[in-house]
Amino acid sequence: MGMTMTQKILAAHAGLSEVKAGQLIQADLDLVLGNDITAPVAIRELYAAGFDSIFNPEKIALVMDHFTPNKDIKAAEQCQTCREFAHKFKIKHFYDVGNMGIEHALLPEIGLVAAGECVIGADSHTCTYGALGAFSTGVGSTDMAAGMITGQAWFKVPEAIKVNLTGKPGDMVSGKDVILHLIGMIGVDGALYQSIEYAGDGVASLTMDDRLCIANMSIEAGAKNGIFPVDEATVAYMKDRVDRPYTAFAPDPDAEYARVVEIDLSAIQPTVAFPHLPENAKPIDTVGDVAIQQVVIGSCTNGWLSDMAVAAGILKGKKVHPNVRCIVIPGTQKIYLDSMEKGYIKTFIEAGCAVSTPTCGPCLGGHMGVMAAGERCVATTNRNFVGRMGHVKSEVYLAGAAIAAASAITGKITDPRTMIPSASAPTAPADTAREE
């Protein structure tokens, strides 16, 4: 029996000719990632175990993005621990206030991950990099510590679910709608410790931003990782970013899958996930009248330049509803700068939005958008668990940038297709636009 994409990558990094689902392996790592919440724990564990060295200062990335710019003294101390560690061990890829971004937006942008690589990160959404055809998965801080010391990690080889995509997404439908639709189909534990491998003719109609979003939220279906085939779009994305050789793995024709899920992209509507699970996905035309008090556009799921373009296109010439706070957070400094140059930031501010430097802040209820009891938020983030964005009696509704921007204007969850952008509105940049 042949191997899946994930199995081929793991076999190559374990120095084996083949692996099978359920097999325990020890694999070499191309990158170990941590942030200002998880890395300090790993650093303390590394020292507590008596180690005073790391395997490779060029293969560790530390990104200060969750509570930064520091929201309080504890957050400042967390970052201080990371700064001192990075300085001591001369870690090349240390990103702090002013040059950082939300980690899972930053790493692909600057070419730290490439096709065929094996990456672990002490953050569950490390699976984002599967969009590039890499095996990437989230681990605990102790596993991060072991990875920094040895350059290796233990894995149980996952079996796989094949998600066969056909057709093309319709108007105002993005990767966020696709992944919410999938999670609604299979549930938050539908792919528990399995690899979700995306395939089919429909992949070509998804932009890299779409794929990054979908891979990111594969964890919300319980998956060990999500992974896309390496095609022309992937190669083009990596061309000016990745400065080293990489390998594009493809599944064998006889690869074994636990099941196959069929999705016609043309049948998907703009979608909203109701509280308090991402699996509570509803097509926009079934949502009803839901008033909101806050909108967050950003995060590692939807802080891409294409999201900024879509949101600005809808908000152009309009005002945020007086009962709504709209917070926009570009995913990286480059996305922020590009948004300024394209006029998106001006559009947001003129509409009455607050625009922030890159941060995970509100996504995890950290800062820059914490909610009080009884408040509702439409967020382009990736989780809507109880208390995720503040008080346990607040509610988070997950959606893409189009629904979020439209809802900010009306003060209730709104179908963006009813708000056609003006002719002068910004459009998605050429490198993120879908092929027609």
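Could you please tell me which pairs satisfy a Cβ distance under 6 Å, a separation of 6+ or placement on different chains, a first residue in the stretch 380-391 that is in contact (Cβ under 8 Å) with a residue 12 or more places away in the chain and within 16 Å of Q294 (Cα to Cα), and a second residue that is among the hydrophobic types (A, V, I, L, M, F, W, C) and open to solvent by 20 Å² or more (accessible area, probe 1.4 Å)?
G390/V370; H391/A372; H391/A373
Could you tell me which residue of the stretch 228-265 is nearest to the chain's Cα centre (by Cα), considering only residues that are outside any loop (DSSP other than H, G, I, E, B) and of a type in the set (G, A, S)?
So the residue we want is A233.
Name the single residue, out of those in the stretch 85-135 being at pLDDT 95 or above and among the β-branched types (V, I, T), that is nearest to S356 (Cα to Cα).
Selected residue: I102.
Among the residues of the stretch 73-121, how many are open to solvent by 20 Å² or more (accessible area, probe 1.4 Å) and in a helix (DSSP H, G or I)?
12
Being surrounded by fewer than 24 Cβ atoms within 10 Å (Cβ to Cβ), in a loop (DSSP other than H, G, I, E, B) and not aromatic (F, W, Y), is that true of even one residue in the stretch 293-307?
Scanning the stretch 293-307 turns up at least one residue that is surrounded by fewer than 24 Cβ atoms within 10 Å (Cβ to Cβ), in a loop (DSSP other than H, G, I, E, B) and not aromatic (F, W, Y).
Being over 21 Å from L10 (Cα atoms), open to solvent by less than 30 Å² (accessible area, probe 1.4 Å) and part of a helix (DSSP H, G or I), is that true of even one residue in the stretch 62-71?
no
Can you go through I9, I25 and tell me which one is of a type in the set (A, V, I, L, M, F, W, C), part of a helix (DSSP H, G or I) and in contact with a Phe, Trp or Tyr (Cβ under 8 Å, 6 or more places away or on another chain)?
Only one candidate qualifies: I9.
For the stretch 123-148, enumerate the residues that are open to solvent by 30 Å² or more (accessible area, probe 1.4 Å), part of a helix (DSSP H, G or I) and not aliphatic (A, V, I, L, M).
Result: S124, T142, D143.
Among the listed residues A372, A351, which satisfies the condition of being more than 21 Å from the chain's Cα centre (by Cα) and open to solvent by less than 10 Å² (accessible area, probe 1.4 Å)?
A351
As an exercise: evaluate L16 against (1) in contact (Cβ under 8 Å) with a residue 24 or more places away in the chain; (2) in contact with a helix residue (DSSP H, G or I) (Cβ under 9 Å, 6 or more places away or on another chain) and give the number of the one condition it does not meet.
For L16, the failing item is (1).
Tell me which residues, restricted to the stretch 149-191, are hydrophobic (A, V, I, L, M, F, W, C), in contact with a Gly (Cβ under 9 Å, 6 or more places away or on another chain), more than 29 Å from H276 (Cβ to Cβ) and outside any loop (DSSP other than H, G, I, E, B).
A153
Restricted to the stretch 28-57, and to residues that are open to solvent by 10 Å² or more (accessible area, probe 1.4 Å), acidic (D, E) and assigned to a loop (DSSP other than H, G, I, E, B), which residue is farthest from A114 (Cα to Cα)?
D52
Of all residues in the stretch 219-245, count the ones that are open to solvent by less than 10 Å² (accessible area, probe 1.4 Å) and under 20 Å from S306 (Cα atoms).
So the answer is 3.
Could you check, for the stretch 149-161, whether at least one of its residues is under 23 Å from G2 (Cβ atoms), open to solvent by 30 Å² or more (accessible area, probe 1.4 Å), modelled with pLDDT of 95 or more and more than 19 Å from the chain's Cα centre (by Cα)?
yes
Please work out if M185 is modelled with pLDDT of 95 or more and farther than 24 Å from D307 by Cα.
Here the answer is yes, as M185 does meet what is asked.
May I ask you to say which residue of G313, G331 is open to solvent by less than 20 Å² (accessible area, probe 1.4 Å) and more than 17 Å from the chain's Cα centre (by Cα)?
G313
The values are calculated or read from the model by the stated rules, or taken from the named source; none is laboratory data. As the structure is a prediction and not an experimental result, all values here were calculated from the model. Note: ideal-geometry Cβ built from the backbone for every residue, glycine included; neighbour counts use all protein chains shown. Remember, those area values only see protein heavy atoms, side chains included, never the ligands or the DNA or RNA. Shrake-Rupley method; radii C 1.70, N 1.55, O 1.52, S 1.80 Å.
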